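Reviewing the structure listed below.
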Amino acid sequence: MKKLILSVMLSVASLSYAAPASMTKYYNNPKLAPKIQQCRGDIYCNAFAALAKQWKNIPNNYRYHGFNIKKEAAEGNGYGLWKGGFVSDTVKGSRLIDAGEPVFYDGGSKNKANEAIFARGIAVINYIENSK
């Protein structure tokens with residue numbers, strides 16, 4: 001019986017998501033993000049870029065409405081995540097995405113490397129906001 005209870009507890013724990021502190025640091029305090037030249041002093045753009053670097057911390061089994069966010073981030077599919085409706089419902093997340101979009105995506109006019117940053121930033125913001 002003890003083994004069954006422990007097994008159930010471990011199963012439940014593996015299904016719950018909590019964003020690690022390394023992911024939420026810049027989400028919660030954009031001023032802490034390292035400055036990058038592309039962002040031209042915009043702290044929200046800097047935070048978006050810093051968040052994008054955290055994409056590998058999204059659990060492999062994480063799904064958002066059945067959609068594999070990490071896979072799209074790995075492929076750098078900014079178009080799919082942006083046009084697929086993966087936008088923030090929060091002021092904080094929207095502000096970050098709105099700062100990152102013109103620098104890293106700009107309606108699809110940016111190169112693949114920048115589109116990958118955009119995809120990864122959106123994926124991380126989505127994960128943070130939906131793992132609370």
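The values are calculated or read from the model by the stated rules, or taken from the named source; none is laboratory data. Keep in mind that what you see is a predicted model, and the values were worked out from it rather than measured. Every residue, glycine as well, gets a Cβ built from its backbone with ideal geometry; the counts of neighbours run over all protein chains shown. The accessibility values were calculated without ligands, DNA or RNA, using every heavy atom of the protein model including side chains. Shrake-Rupley method; radii C 1.70, N 1.55, O 1.52, S 1.80 Å.
Among the conditions (1) part of a helix (DSSP H, G or I); (2) under 13 Å from Tyr27 (Cβ atoms); (3) in contact (Cβ under 8 Å) with a residue 40 or more places away in the chain; (4) of a type outside the set (Phe, Trp, Tyr), the only one that Ala119 does not satisfy is (2).
Each row is one residue, and each column tells you yes or no for (1) modelled with pLDDT of 95 or more; (2) among the β-branched types (Val, Ile, Thr); (3) touching an Asp or Glu at 6+ places or on another chain (Cβ under 6 Å).
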position: Val8; (1), (2), (3): no, yes, no
position: Arg40; (1), (2), (3): yes, no, no
position: His65; (1), (2), (3): no, no, no
position: Asp106; (1), (2), (3): no, no, no
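Figure legend. Inter-residue proximity from segment 94-116: first residues closer than 18 Å to Tyr27 by Cα, second residues of a type in the set (S, T, N, Q) and not in a helix (DSSP H, G or I), beta-carbon distance below 8 Å, spacing 6+ or different chains. Indicated pairs: Ser94/Ser88; Leu96/Ser88; Ile97/Ser88.
Only one of the listed residues (Phe118, Phe86, Phe48) is open to solvent by less than 40 Å² (accessible area, probe 1.4 Å) and in contact with a Cys (Cβ under 9 Å, 6 or more places away or on another chain). That residue is Phe48.
Out of the residues in segment 51-77 that are of a type in the set (S, T, N, Q) and within 27 Å of Lys31 (Cβ to Cβ), which is surrounded by the most Cβ atoms within 10 Å (Cβ to Cβ)? Here the residue is Gln54.
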